[in-house]
Amino acid sequence: MDTVKINTIKLFYGVTSAQSSSTLYSDTNQTSVYNNVNWYIKGNNNFNTINQSVTRGYPAYTNSTALLPTQVSKAQGVIINFNNSISNADSIMVIIQDHTNASFEVSKTVVGSSTGITFSSNDLLGLTTGGNPAQIYIASKNYSNLSANTKVYVFIMYSSLSGYVTINP
């Protein structure tokens with residue numbers, strides 16, 4: 001592959017691990033969310049050109065500020081209720097990343113139809129209290145498959161929210 005486009009916008013090649021059979025292209029400047037997406041992948045050598053329309057669109061958030069807590073208690077844990085605010089997602093991942101202890105983060109993934117996600121006090125043990133605010137991310141993905149020439153291609157639509165959260169004892 002030498003060109004990958006989404007709705008005529010050229011995506012940029014990203015490095016993947018040597019063990020991976022996948023290739024990552026992304027558009028770090030993308031600010032628009034589309035309901036219909038046309039993927040164009042220009043072939044070369046043994047790879048045929050693919051022109052695939054995905055009509056699902058990106059996962060979407062409504063009432064996004066209500067999704068992100070601003071305070072988390074390590075002793076009590078936290079429940080993040082999605083309140084039907086995430087649509088068009090096959091999976092939802094929530095990450096809480098410690099900014100004081102940069103080497104610690106906790107994450108969980110649930111199916112897109114889930115109503116929420118729970119982090120127990122045990123899950124949060126490694127978070128630092130009283131330091132810099134932690135960051136919380138909600139990342140939603142959906143997948144569309146295309147089988148062509150004995151291969152399966154997976155088109156992933158990804159959207160996310162993030163905010164800061166204070167970690168209390």
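A simple rule links phi to the HN-Hα coupling: the Karplus curve 6.51 cos²θ - 1.76 cosθ + 1.60 with θ = phi - 60°, which for the stretch 88-97 gives 6, 10, 8, 9, 10, 10, 10, 10, 10, 10 Hz, with x for Gly and Pro.
For the stretch 75-142, take the alpha-carbon Rg, divide it by the Kirkwood Rh, and send me Rg/Rh. Please list the in-between numbers first.
Numbers: Rg = 12.7 Å, Rh = 12.6 Å.
On the Cα set of the stretch 75-142, Rg over Rh gives 1.00.
Taking a straight Cα-Cα cut-off under 27 Å and skipping sequence neighbours fewer than 8 places away in the same chain, the lysines within cross-link reach of Lys108 are Lys74, Lys141. Shape analysis of the chain yields a ratio of the Cα radius of gyration to the Kirkwood radius, Rg/Rh, of 1.04. Taking Ser140, Ser159, Ser120 as the candidate residues, the one with maximal mean-square fluctuation in a Gaussian network model of the chain, Cα springs under 10 Å, is Ser120.
For the stretch 144-150, the Karplus equation 6.51 cos²θ - 1.76 cosθ + 1.60, evaluated at θ = phi - 60°, returns couplings of 10, 9, 9, 9, 8, 6, 6 Hz by residue, with Gly and Pro reported as x. Within the listed set Gly112, Gly57, Gly126, the residue fluctuating most in the Gaussian network model of the chain (springs between alpha-carbon atoms under 10 angstrom) is Gly126. Over all other residues within a Cβ to Cβ distance under 12 Å of Lys141, the charged ones net out to 0, with Lys and Arg as +1 and Asp and Glu as -1. Enumerate the lysines that Lys42 could reach by cross-link, defined here as Cα to Cα under 23 Å, with residues fewer than 8 away along the same chain left out. Of all the lysines, those that pass the test against Lys42 - Cα under 23 Å, at least 8 places apart if same chain - are Lys5, Lys10, Lys151.
The distance separating the Cα centre of the stretch 109-143 from that of the stretch 69-85 comes to 8 Å. Just checking the listed ones, Thr49, Thr62, Thr150: in the Gaussian network model of the chain with Cα springs under 10 Å, the one fluctuating most is Thr150. Computed 3J(HN,Hα) for the stretch 57-74, one whole-Hz value per residue from the Karplus formula 6.51 cos²θ - 1.76 cosθ + 1.60 where θ = phi - 60°, is x, 6, x, 10, 10, 10, 6, 5, 5, 6, 6, 9, x, 9, 9, 9, 9, 4, glycine and proline marked x.
Each reported figure results from applying straightforward, stated rules to the coordinates on display, with no laboratory input. For clarity, every value in this text was computed on a predicted model and none was experimentally measured. Ideal geometry is used to build each Cβ from the backbone, glycine not excepted, and the neighbour counts take in all protein chains shown.
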